[in-house]
1. What helices (runs of 4 or more DSSP H), lying completely within region 94-142, carry at least 1 residues that are more than 24 Å from the chain's Cα centre (by Cα) and in contact (Cβ under 8 Å) with a residue 24 or more places away in the chain?
2. Restricting to region 233-258, name every residue that is modelled with pLDDT of 95 or more and among the β-branched types (Val, Ile, Thr).
3. Looking only at region 38-61, which residues are part of a loop (DSSP other than H, G, I, E, B) and buried (at least 23 other Cβ atoms within 10 Å of the Cβ)?
4. In region 1-47, how many residues are touching a strand residue (DSSP E or B) at 6+ places or on another chain (Cβ under 9 Å) and closer than 23 Å to GLY300 by Cβ?
5. Here's a check for you: in region 254-280, which residue that is buried (at least 16 other Cβ atoms within 10 Å of the Cβ) and among the charged types (D, E, K, R) is farthest from GLY203 (Cα to Cα)?
6. Here are some residues: GLY181, GLY203, GLY230. Which one is at pLDDT below 95 and in contact with a strand residue (DSSP E or B) (Cβ under 9 Å, 6 or more places away or on another chain)?
7. Do we find that GLU126 is surrounded by fewer than 19 Cβ atoms within 10 Å (Cβ to Cβ) and either at pLDDT 95 or above or at negative phi (or both) in this structure?
8. For region 262-284, which positions are more than 24 Å from THR186 (Cα to Cα) and hydrophobic (A, V, I, L, M, F, W, C)?
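The values are calculated or read from the model by the stated rules, or taken from the named source; none is laboratory data. Source: prediction; values computed, not measured. Note that we place each Cβ from the backbone using ideal geometry, even for glycine, and neighbour counts take in every protein chain shown.
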Amino acid sequence: MPLVVPQWSPWAPLQSLKLAWLQQYGIEVAVLRLDLIDAQVSGNKWFKLVEYLREAAERGAEGLISLGGAHSNHLHALAAAGRRFGFPTVGLLRGNPQDTPTVSDLQACGMQLHWLGYGGYRARHEADFWVPWGQLYPQLHPVPEGGGGLLGALGCMTLLDMVKAQLGELGWDDYHGWWMGVGTGTTLAGLVLAEDGQHPVYGAQAVPADHGVVEQVRAVLAEAERPDLGYLLIDACRGGFAKVDAELVAFMRAAEIEAQLPLEPLYTAKALIALRQHVEAGYFAAGSRLIFVHTGGLQGRAASLAALREPPGPVGMPSR
């Protein structure tokens, strides 16, 4: 049965972020709470999926097939969306079979899983990678890793409308830029396209330089035939993707308590600590107003902290 695009338009609240170090330097930050759009299809992942769903429907596909790791927020959202809206999903996973909370959720949602090993996963960029999977699942439409690419970016452009519609509730008439954690650069690229040079977008890279974020963002903007401007990528990986250190965890826990804002250590906490470093270094003038994008990913929090043998702590905090 051909896929039908879900008639779902989630809305994320824009909330003031109160932290002592922001007040000390006269910086105002509002958080776009994408983590609150849904308990399962959470964060920026839905927005990166929606245009692929439309393309799949136009081509008569029945569902989606995509890639990710054993803790993939992208696959988690895809599987949850498939269960909720009634379309089949397949996940191609990096490495060898393992049990993680995310993998358990994928299976519970009915996603068919295939483990590619590490060499097989590295081959995902080869020109003929999708050929055998297209033969095995001809009824499914392929989605790049993380929902990347131009279609993923186009779906994220609506985030600008959410922010503009809520500025007045904060007493703001404008803002001076966006700040967010970056994995593939897709959401950042979407915001750059939406802003069209009006406000800069700052991306705190949670992955090392060899993950090709710079190249991916440039490729998306080039495909959209839009100028390569209006953004800055900043190293915030702290030694590598999924690297979690004690200083980061301590910062995250303190910020959560002070701001009553749940975070996770792979993207949102790394982005926030990088913002603090730039604020304290005087990068932003007093009076600056920034939009911080909470990209979700809270479902993977416990597994991320397990590497340090840290208890996960509360995440269901009251929101402001």
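1. Those helices (runs of 4 or more DSSP H) span 130-136.
2. Of everything in region 233-258, those that are modelled with pLDDT of 95 or more and among the β-branched types (Val, Ile, Thr) turn out to be ILE234, ILE257.
3. Within region 38-61, VAL41, SER42, GLY43, ASN44 meet the criteria.
4. Final tally of qualifying residues: 12.
5. GLU256
6. Every option except GLY230 fails the conditions.
7. It is true that GLU126 is surrounded by fewer than 19 Cβ atoms within 10 Å (Cβ to Cβ) and either at pLDDT 95 or above or at negative phi (or both).
8. Residues satisfying the conditions are VAL279, ALA281, PHE284.
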